[in-house]
Amino acid sequence: MPEAPDRLVFVYGTLRRGGRNDINRLAPAPDFLGVASVRGRLYTLGWYPGLRLGGPDAIDIVGEVYRIAPALETRLDEIEEIRPGADSEYFKREIVVGLGSRERTCLVYEINPERVRGRTPLAQGDWLAFYAS
């Protein structure tokens, strides 16, 4: 059976370069493709954020795009606590992200809406800038 192909992932929080779970420290090593943004809202869950995609009050959320091997995707699923069913902390989504002059389909980990119900979204879309302040 052939191995699954590499995928692209958009990371916006602790997995970003310099973040607490910097993806560049994980194995197998990812390939950095560039900085990008998506539309949504960030919520703080203590030392890490959750992203809700889209919505009427969406703002630009800053992130990075990486090419990852299937083994690294499995590791990211563990970090993001992906579980079957409605109780998963995050849900894996595929979205189109503008990367330079091209659009690319990327995996993104979107927070379960139940985890941020009643919380106020951050006013800014850059988690590392927010967390450093």
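The values are calculated or read from the model by the stated rules, or taken from the named source; none is laboratory data. Remember, predicted model here, so these are calculated numbers, not experimental data. Methodologically, a virtual Cβ is constructed for each residue, glycine included, from the backbone with ideal geometry; neighbour enumeration extends over all protein chains shown. Just the protein is used for accessible areas: all its heavy atoms, side chains included, with ligands, DNA and RNA removed. Shrake-Rupley method; radii C 1.70, N 1.55, O 1.52, S 1.80 Å.
The number of residues in the stretch 124-133 being open to solvent by 30 Å² or more (accessible area, probe 1.4 Å) and assigned to a loop (DSSP other than H, G, I, E, B) comes to 3. Selection of the stretch 68-115 for residues being more than 19 Å from Thr14 (Cα to Cα) and free of Cβ contacts under 8 Å to residues at least 40 places away in the same chain yields Arg83, Pro84, Gly85, Ala86, Asp87, Glu94, Val96, Ser101, Arg102, Glu103, Glu114.
Quick one: count up the residues across the stretch 93-123 that are closer than 18 Å to Leu45 by Cα and either open to solvent by less than 70 Å² (accessible area, probe 1.4 Å) or not in a loop (DSSP other than H, G, I, E, B) (or both).
Looking only at that region, the number is 11.
Residue by residue, here is whether (1) buried (at least 17 other Cβ atoms within 10 Å of the Cβ); (2) within 16 Å of Cys106 (Cβ to Cβ); (3) in contact with a helix residue (DSSP H, G or I) (Cβ under 6 Å, 6 or more places away or on another chain) holds:
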site	(1), (2), (3)
Arg20	no, no, no
Ile23	yes, yes, no
Pro28	no, no, yes
Asp31	no, yes, no
Arg41	yes, no, no
Gly46	no, no, no
Gly54	no, yes, no
Ile61	yes, yes, no
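Counting the residues of the stretch 7-19 that are closer than 21 Å to Gln124 by Cα and either of a type in the set (D, E, K, R) or within 11 Å of the chain's Cα centre (by Cα) (or both) gives 8. Looking at the stretch 69-85, is at least one residue touching a strand residue (DSSP E or B) at 6+ places or on another chain (Cβ under 7 Å), open to solvent by less than 50 Å² (accessible area, probe 1.4 Å) and in a strand (DSSP E or B)? Scanning the stretch 69-85, I find no residue that is touching a strand residue (DSSP E or B) at 6+ places or on another chain (Cβ under 7 Å), open to solvent by less than 50 Å² (accessible area, probe 1.4 Å) and in a strand (DSSP E or B), so the answer is no. Only residues that are of a type in the set (Gly, Ala, Ser), touching a residue at least 60 places away in the same chain (Cβ under 8 Å) and more than 15 Å from Gly125 (Cα to Cα) were counted across the stretch 20-65, and they come to 1. Entry remark, the stretch 40-76: residues being more than 11 Å from the chain's Cα centre (by Cα) and either within 22 Å of Pro28 (Cβ to Cβ) or acidic (Asp, Glu) (or both) number 11 in total.
Glu3 fulfils the conditions (1) surrounded by fewer than 16 Cβ atoms within 10 Å (Cβ to Cβ); (2) modelled with pLDDT of 95 or more; (3) farther than 13 Å from Trp127 by Cα except for a single criterion, (2).
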